[in-house]
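Some notes on the structure that comes next.
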Amino acid sequence: MCAYKQSCTNLMDLPTAKVTEWLEGFDTVITDCDGVLWVYGRAIDGAVSVINLFKSMRKNIYFCTNNSTKTREELLKKAQNMGFSITEGEIISTAHATAAYLKKRNFEKRVYVIGSDGITKELDAVGIGHTGCGPDPMKGTMAETTKIQLETDIGAVVVGFDEHFSFPKMVKASSYLNDPNCLFIATNTDERFPMDNMVVPGSGCFVRAIETCAERTAKVIGKPNPAICEVLLQKEIGRIDPARTLMIGDRANTDILLGFNCGFQTLLVGTGVHQLSDVERWKKSKDLEDKKLIPDMYLPKLGDLLPALPLPKH
Ligand SMILES: C[C@H](OP(=O)(O)O)C(=O)O
Ligand SMILES: [Mg+2]
């Protein structure tokens, strides 16, 4: 964890040579995906070039996404199809991390999943049973819903992004969680997806709904929980140095807060959820928790780093 920040520098206000010098201070870059590298299926201008130039400069690069709708392999294909030079081992995703967390605990029961096949496929990959995913709509009255037959071998409830979220799923999840020995795990608690013209509810909406009816608090696997990066921080070979690690994100209460929690330096870009105006608001706030959201640096988009990077070697 680092000291509370009081100021944030807009890199656009610095001479290019100063930005180049600043970038030389990092051996490792951990970058968020949605809202920094891409928005849905479209790469953000300049992001591919910056990441691939970082690679050519021999910087360690990791993609760290709270997205639980895809497997790590599917995220790899998405990134490579956009032109990013990345490997599967350099991708950290919440569906994969959730399955790894359960595997590490020698979890042997089955999982009740509120989420998508990103989660169920990653559970399959480590041999952990689950209840599948997809629609489970309300049929008949609430009285009939309370007569639902619960399965007897459920040892965990995992909640991620679920476009088929429903009342029956809330009844089942909270009923399973009435057993204090049943694990309650959330992939992430992002409030919204970064989207310009409308609100797209994020996983956090479903997690908070289940927390309310279960009267329990979920263990959150994703950002800002430092555990999502433990594989990097504890890695014996080439253990990363937090002081020489840059966390790049678009959402301050996940990405920048993860950087704060891990002692990384942080860069907020304005192509996703939070903007420089939010940083000004947190600087004026009296709440110390808000100070943890203030990034070291700001840029309108990742591609604005291009002038400060060396031309690609051919
Ligand atoms: C928006 C978030 O993805 P990230 O920004 O962490 O890549 C998510 O998919 O909930
Ligand atoms: Mg993001």
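What follows draws every value from the coordinates through simple rules; no lab data is involved. It should be emphasised that the depicted structure is a prediction, and the values quoted were computed from it without experimental measurement. All Cβ positions, glycine included, derive from the backbone under ideal geometry; neighbour counts span all protein chains shown.
Details
- Filter result (in contact with a helix residue (DSSP H, G or I) (Cβ under 7 Å, 6 or more places away or on another chain) and either of a type in the set (A, V, I, L, M, F, W, C) or closer than 14 Å to residue 86 by Cβ (or both)) within the stretch 50-69: 50, 61, 62, 63, 64, 65
- Leading residue by the ranking (nearest to residue 68 (Cα to Cα)) among those in the stretch 193-204 that are of a type in the set (A, V, I, L, M, F, W, C) and without any contact (Cβ under 8 Å) to a residue 24 or more places away in the chain: 200
- Among the residues making up the stretch 26-85, those that are among the charged types (D, E, K, R) and within 15 Å of ligand 1 (Cβ to nearest atom) are 32, 34, 42, 70, 72, 74, 78.
- Looking only at the stretch 265-299, and only at residues there that are free of Cβ contacts under 8 Å to residues at least 12 places away in the same chain and of a type in the set (Lys, Arg), the one that is farthest from ligand 1 (Cβ to nearest atom): 286
- Filter result (among the β-branched types (Val, Ile, Thr) and buried (at least 20 other Cβ atoms within 10 Å of the Cβ)) within the stretch 186-220: 187, 189, 207, 210, 220
- Evaluating residue 250 against the criteria (1) buried (at least 21 other Cβ atoms within 10 Å of the Cβ); (2) of a type outside the set (A, V, I, L, M); (3) touching a helix residue (DSSP H, G or I) at 6+ places or on another chain (Cβ under 6 Å) leaves one unmet condition, (3).
- Qualifying residue in the stretch 200-211 (condition: under 30 Å from residue 38 (Cα atoms), of a type outside the set (Lys, Arg), within 16 Å of ligand 1 (Cβ to nearest atom) and in contact with a Pro (Cβ under 9 Å, 6 or more places away or on another chain)): yes
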